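Peer 1: Quick one: this structure, given as structure tokens, is what I'll be asking you about.
Read-outs: derived from the displayed coordinates by stated rules, not from any lab. Every value quoted in this text rests on a predicted model; they were computed, and no experiment measured them. Heads up, the Cβs are rebuilt from the backbone with ideal geometry, glycines too, and the neighbour counts pull from every protein chain shown.
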Amino acid sequence: MVLAVLRGRLLSAFENTTGPQRARKPLSRSGCDAKTWIQASGPCGSRDAPPDGLSLPRPQEVLSGVVVVSAKDAVQHQGLSLTVEGTVNLQLSAKSVGVFEAFYNSVKPIQTLSSTMEMVKPGRFPGGKTEIPFEVPLLGKGSRVLHETYHGVFVNIQYTLRCDLRKSLLAKDLTKTCEFIIHSTPQKGRLTPSPVDFTITPETLQNVKERALLPKFLIRGRLDSTSCALTQPLTGELVVESSEAAVRSVELQLVRVETCGCAEGYARDATEIQNIQIADGDVCRGLPVPIHMTFPRLFTCPTLETTNFKVEFEVNVVVLLHGDHVITENFPLKLCRV
């Protein structure tokens, strides 16, 4: 017997958009004669579906799809159920564990979505393929808000769809779980650009122990906006006007800043998401070097602040000089979905 779940596709109130069917190879086996896999059909919120041109579900909308049961012969079962869950998992870094006793209560998983439906009562599935359609409204549990899917280091926001086919006492139940992605509701109105011009010299640097030993340099640049749409790249330019030491490399570092805690205290940790090199070697003086960075899917989300956690983002412009000198300029970013 084969159990498959067609990953949920989005149904609006006015139309049902469909698309070409995509299938995945078997992922795992359950028992000696049964296997499970997941298929995707139409615009969906599945993790493995390509993001371009697809409609991903948003809070207050409906996740729909089809559960497919395929068996060579008729099979007896004790019912088939579908469970939709959403959780926010918080984790403390090693340096924060034990600092605040109150943290241990505030970092428990937060359940934002929980819904279980009995799709088929106990009975028998005939041989061949059986399709059972479903629709699940994406409504937060109680007053909980459904945040956008985000995979971080200390904060993880995840939504899963689990199908359980219960069998007799001596037979093993069949279960398949897949993740679906939720995008937050776009903000109303257009995003107002907030350009930033910057100048980096030895005098403007902070946290420098021996400033007199630094080589002289002058670096100018511009970020077109620090308020960024997730679907648009971060752009700008950088110009090395002068430098006594040769330039080895110019890099852009995207950083996530995750804060977990409660009223008694917070643990704030910054970790790198990605690092891209925009110039290699001794850059020509006075030559504008373009800044262009796209925001990775799942590892970024709209800037988020709640009672128990915050997710913020920053970008570092890093210039490496010969002599092991590292120059870093930090810029906070505000990410949003438009």
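Peer 1: Which pairs, out of 188/334; 108/334; 121/176; 209/334, put more than 25 Å between their alpha-carbon atoms?
Peer 2: Numbers: 188/334 16 Å; 108/334 27 Å; 121/176 18 Å; 209/334 31 Å.
From the list (188/334; 108/334; 121/176; 209/334), the Cα-Cα distance tops 25 Å for 108/334; 209/334.
Peer 1: Stokes-Einstein diffusion coefficient for segment 196-336 at 4 °C in a medium of 1.567 mPa s, Rh from the Kirkwood formula over Cα pairs: what value in µm²/s?
Peer 2: Values: Rh = 16.3 Å.
Estimated diffusion coefficient is 79 µm²/s.
Peer 1: Additional query: What is the set of long-range amide H partners of residue 75 at a cut-off below 5 Å, with H atoms built 1.01 Å from backbone N?
Peer 2: 125
Peer 1: Mind checking the full-extension length gain between residue 185 and residue 268? Use 0.36 nm per residue of separation minus the Cα-Cα distance, one decimal, nm. Provide the component values of the computation, followed by the final result.
Peer 2: Values: separation 83, 0.36 × 83 = 29.88 nm, distance 2.67 nm.
Between residue 185 and residue 268, full extension yields 27.2 nm more.
Peer 1: So, one more: May I ask you to evaluate 6.51 cos²θ - 1.76 cosθ + 1.60, the Karplus curve with θ = phi - 60°, for each residue of segment 172-189 and list the ³J(HN,Hα) values in order in whole Hz, giving x for glycine and proline?
Peer 2: Here the 3J(HN,Hα) series is 7, 5, 9, 9, 9, 10, 9, 9, 10, 9, 10, 9, 5, 5, x, 6, 7, x Hz.
Peer 1: Quick check on the exposure proxy: order 162, 256, 124 from fewest to most C-beta atoms within 10 angstrom.
Peer 2: Working: 162 15, 256 21, 124 8.
Going from least to most buried by this count: 124, 162, 256.
Peer 1: Treating cross-link reach as a plain straight distance, find the aspartates and glutamates whose alpha-carbon is under 14 Å from the alpha-carbon of residue 72, omitting any fewer than eight places away in the same chain.
Peer 2: The reachable aspartates and glutamates, counting only those whose Cα sits under 14 Å from residue 72, are 33.
Peer 1: What are the aspartates and glutamates whose alpha-carbon lies under 12 Å from the alpha-carbon of residue 141, with same-chain residues fewer than 8 places away excluded?
Peer 2: By straight Cα distance, residue 141 reaches 85.
Peer 1: Kindly write out, for segment 152-160 in residue order, the coupling ³J(HN,Hα) from the Karplus curve 6.51 cos²θ - 1.76 cosθ + 1.60 (θ = phi - 60°), rounded to whole Hz, with x marking Gly and Pro.
Peer 2: Per residue, the Karplus-derived 3J(HN,Hα) values read x, 9, 10, 10, 9, 10, 9, 10, 10 Hz.
Peer 1: Right, next: For segment 82-93, what does the Karplus curve 6.51 cos²θ - 1.76 cosθ + 1.60, with θ = phi - 60°, yield as ³J(HN,Hα) per residue in whole Hz, taken in order and with x for Gly and Pro?
Peer 2: 10, 10, 10, 9, x, 9, 10, 9, 10, 9, 8, 6
Peer 1: 5 Å is the cut-off here: which amide hydrogens, built 1.01 Å from N in the peptide plane, fall below it relative to residue 194, excluding neighbours closer than 5 in sequence?
Peer 2: 226, 227
Peer 1: Taking the Cβ-Cβ separation of residue 192 and residue 330 as r and a Förster radius of 30 Å, what is the calculated FRET efficiency to the nearest 0.05? Mind showing how you got there, number by number?
Peer 2: Numbers: r = 22 Å, r/R0 = 0.74.
That gives a FRET efficiency of 0.85.
Peer 1: Taking amide H positions as placed in the peptide plane 1.01 Å from N, state which residues far from residue 299 in sequence (5 or more) or on other chains have amide H under 5 Å from it.
Peer 2: Placed amide hydrogens put 151 under 5 Å from residue 299.
Peer 1: For each of 237, 210, 272, count neighbouring Cβ atoms within 10 Å of the residue's Cβ, then give the residues from fewest to most. Could you put the intermediate results ahead of the total?
Peer 2: Values: 237 16, 210 6, 272 11.
In increasing order of surrounding Cβ atoms, one gets 210, 272, 237.
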